[in-house]
1. Being small (Gly, Ala, Ser), out of contact with any strand residue (DSSP E or B) (no Cβ under 8 Å at 6 or more places or on another chain) and modelled with pLDDT under 85 is the requirement here; does SER40 meet it?
2. Pick from the stretch 82-91 the residues that are surrounded by 12 or more Cβ atoms within 10 Å (Cβ to Cβ) and among the charged types (D, E, K, R): which of them is modelled with the lowest pLDDT?
3. Please name all residue pairs, on different chains or six or more residues apart, with Cβ atoms under 6 Å, provided the first residue is in the stretch 44-61 and is within 17 Å of ARG79 (Cβ to Cβ) and the second residue is acidic (Asp, Glu) and at pLDDT below 90.
4. When you go through ASP52, ASP21, ASP25 one by one, which is the residue that is over 16 Å from GLN8 (Cβ atoms) and at pLDDT below 75?
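The values are calculated or read from the model by the stated rules, or taken from the named source; none is laboratory data. Since the structure is predicted, the reported quantities are computational estimates derived from the model, not experimental observations. A quick note on method: Cβ atoms are made from the backbone with ideal geometry, for glycine too, and the neighbour counts reach across all protein chains shown.
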Amino acid sequence: MTGSERWQRCRALAQPSFGDDAPDDWPGIGDDLPEPAGFSAIWSRPRIGVRDRALLAVGMTAAIGAVPRRAWDSCGALRVGVTRTEIHEAVIPAVGCARLSAAWDATRTPRPVLDARQAG
């Protein structure tokens with residue numbers, strides 16, 4: 001299967017949930033990539049539904065600051081039954097946790113090096 005065929009498979013999987021919001025340019029992102037972050041493997045897993053996955057995607061894209069992708073995921077989430085309020089409520093803790101974790105790690109990571117330099 002060519003890279004372009006793999007990307008088209010991803011788009012076909014996204015189409016029922018995201019309709020016309022599914023990007024047409026996935027094949028142009030890179031034929032050497034196996035799929036956009038394993039999209040078909042992730043979105044076809046059976047243990048949670050597409051609605052829950054869509055809400056998680058909104059929160060995760062908010063946490064990493066993926067603005068264009070978050071807009072696409074938000075439109076898709078609405079299409080599969082997530083409400084505007086749920087999207088809003090998913091974004092707040094996702095961003096808060098991500099930023100707090102980043103701040104926590106940023107202040108803790110250099111401590112051993114700084115302590116060693118100060119002692120030496």
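1. yes
2. Filtering first and then ranking leaves GLU89.
3. ALA57/ASP73; VAL58/ASP73; THR61/ASP73
4. Selected residue: ASP21, the only one of ASP52, ASP21, ASP25 that is over 16 Å from GLN8 (Cβ atoms) and at pLDDT below 75.
Listed here are the residues, each with its yes/no results for (1) exposed (fewer than 10 other Cβ atoms within 10 Å of the Cβ); (2) at pLDDT 85 or above; (3) of a type in the set (Ser, Thr, Tyr); (4) over 18 Å from GLY49 (Cβ atoms).
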site: ARG69; (1), (2), (3), (4): no, no, no, yes
site: TRP72; (1), (2), (3), (4): no, no, no, yes
site: VAL80; (1), (2), (3), (4): no, yes, no, no
site: PRO93; (1), (2), (3), (4): no, yes, no, yes
site: ARG99; (1), (2), (3), (4): no, no, no, yes
site: ARG111; (1), (2), (3), (4): yes, no, no, yes
site: GLY120; (1), (2), (3), (4): yes, no, no, yes
